[in-house]
Amino acid sequence: MVKMKISKRLQRVASFLPKGAKFADIGSDHAYLPCYVCQNDLTASAIAGEVNEGPYQKALETVQAFSLTDRIDVRLGDGLEVVQANEVKQIVIAGMGGSLIRKILDDGKEKLKETKQIIVQPNVEAKAVRIWLYQHGFMITDEDIMEENGHFYEIIHAVRFTQQIEQQLDERVLLFGPILLQTKPTAFYKKWRQEAAKLEYVIQQIKRAKEIDTKKLNQLTQEWEWIKEVIKL
């Protein structure tokens, strides 16, 4: 049997799924991730959701080509519309902006009442996703960051609280990630060094403006100070 090959980014996303996962991959594109997982775990099953007709048809073709139609159901629909309540235990959303991921989760939150795990990989604005998770009963238990083709990708793994826990939403922790702040892998330092340089440039531009946006300037300056402190610039 031909083995599905996927990017290192998607391999890392897949690694957060437990054996025997029953998951939905939202925005599955060509269904590469579900096919990879189901090939490597004969006890796993998946729903591959796609909102656009073209990628939906490609996903159907991929699943058929790998003879996985018995374990991967490809569905056309917007976000979590493709999932019935209590149908899956894990939700995966990878390769979108953080604001879009947050919107998908929020629009479909009624479908998530029995969801045990959420695994997300926002391309940008990871903070927005972290806020949503904490506000809706999920605790971030693992994170990673990796560089691929010149881009940095943060991967966030969250589980539903088993009991009510009071969460303190610390802006600094939400920006960097609670686990990443502890582990600080090489890609973490590299990303935030780049971000610090970008922020410094933007701050200087704001200061040169005829009318200074004080609120924005203060926010960006605070983030810049946090970055310098965290990576010891």
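What to note about this one:
- Amide H contacts of N123 (H built 1.01 Å from N, under 5 Å, at least 5 apart or other chain): G95, M96, G97, G98
- Heavy-atom accessible surface of the chain: percent carbon and sulfur, 1.4 Å: 49 percent
- Simple rule: put +1 on each Lys or Arg Cβ and -1 on each Asp or Glu Cβ in the stretch 118-233, find the dipole, and look at Q135, W224, H151; the Cα lying farthest toward the positive end is W224.
- Using the 1.4 Å probe convention, the accessible area of the chain works out to 54 Å² per residue with neighbouring protein chains retained.
- Once the GluC sites (Glu not before Pro) in DSSP loops with at most 10 neighbouring Cβ atoms within 10 Å are cut out of the chain, the longest remaining piece is 1-165.
- A convex hull fitted to the Cα coordinates of the stretch 1-135 yields 97 cubic angstrom per residue.
- Start at zero, step by 10 Å, and the Cα-Cα distances of the stretch 96-214 spread as 12, 39, 30, 15, 4, 0 percent across the bins.
- Over the chain: helical MRE at 222 nm, DSSP H runs n ≥ 4 each giving -39500 (n - 2.57), nearest 500: -13000 deg cm²/dmol
- DSSP beta bridge pairing in the chain, given as percent antiparallel to the nearest 5: 40 percent
- For the set K89/K127; K207/K232; K89/K184; K103/K127; K184/K216, the pairs lying more than 18 angstrom apart at their alpha carbons are K89/K127; K207/K232; K89/K184; K184/K216.
- Three-way shape label, the chain, alpha-carbon gyration tensor, a/c 1.5: prolate
- For the stretch 137-213, the set of trypsin sites (Lys or Arg not before Pro) satisfying both a DSSP loop assignment and a count of at most 10 other C-beta atoms within 10 Å is given as K210.
- Loop trypsin sites (Lys or Arg not before Pro), the stretch 1-79, which have at most 12 other Cβ atoms in a 10 Å radius of their Cβ (DSSP): K3, K5, K19
- Within the chain: Cβ-based charge dipole about Cα centre, in debye rounded to nearest 20 (Lys, Arg +1; Asp, Glu -1): 620 debye
The values are calculated or read from the model by the stated rules, or taken from the named source; none is laboratory data. Everything quoted here is computed from the prediction, not taken from an experiment. Quick reminder, even Gly has a Cβ in these numbers, built from the backbone with ideal geometry, and neighbours come from all protein chains shown. What goes into the accessible areas is simple: the full protein's heavy atoms, side chains included, and nothing from ligands, DNA or RNA. Shrake-Rupley method; radii C 1.70, N 1.55, O 1.52, S 1.80 Å.
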